[in-house]
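**Q** This is the structure, below, for whatever I ask next.
Please treat every number below as a calculation from the coordinates, not as lab data. These figures come from a predicted structure and were not determined experimentally. All Cβ positions, glycine included, derive from the backbone under ideal geometry; neighbour counts span all protein chains shown.
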Amino acid sequence: MGFQTEFNSVCKFKNEQELYELLEYGRGKMLKEGLRVFPAGQKVIAYTPDNKAVAIVLITASVAEINFQGREVTSVELQLVRKLTDEESKVQTDLAYEMFFGNQA
């Protein structure tokens, strides 16, 4: 058991509903497996489950815990800063594929 740090500028959603709520209402929550550290106050790029960059978001809170089922989970609260333009989305998506999501050598 240990904490995994998330100090890069990527916030990938695994759940479409969580992403929809963030984009629709300007605030949202993302649940991640494992104990992780997301630095509050950091702005990051939000990605869809299929790795497309869609927005800039602000991490407002991060709570790591072992839930009632005994699973290690981290809840991350987010605030929408702004949606990306089509051009920004393409550039960020391409860069993230090269840096994070692509085949690792």
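**Q** How large is the dipole of the chain about the Cα centre if only Lys and Arg carry +1 and Asp and Glu carry -1, each at its Cβ, rounded to the nearest 20 debye? Let's see the in-between values first.
**A** Numbers: 12 positive and 15 negative charges, 41 e Å.
For the chain, the charge dipole is close to 200 debye.
**Q** Next up: At 222 nm, what value in deg cm²/dmol follows for the chain if DSSP H runs of at least 4 each add -39500 (n - 2.57) and the sum is divided by all its residues, to the nearest 500? Can you show the working numbers first?
**A** Details: 2 runs with 21 residues, N = 105.
That comes out to -6000 deg cm²/dmol.
**Q** Could you work out how far apart the two model spin labels at T60 and E87 are, taking each label as a point 7 Å from the Cα in the direction of the beta carbon, and quote it in nm?
**A** 3.1
**Q** Hey, another quick one. For the pair A40/F100, report the inter-label distance in nm, with labels modelled 7 Å from Cα in the Cβ direction.
**A** Those two pseudo-labels are separated by 2.2 nm.
**Q** Suppose we flag chymotrypsin sites (Phe, Trp or Tyr not before Pro) only when DSSP calls them loop and at most 11 other Cβ atoms lie within 10 Å. Which is the longest uninterrupted stretch of the chain? Present the calculation step by step, with values, prior to reporting the outcome.
**A** Details: sites that count: F7, F68.
My reading of the result: 8-67 is the longest stretch.
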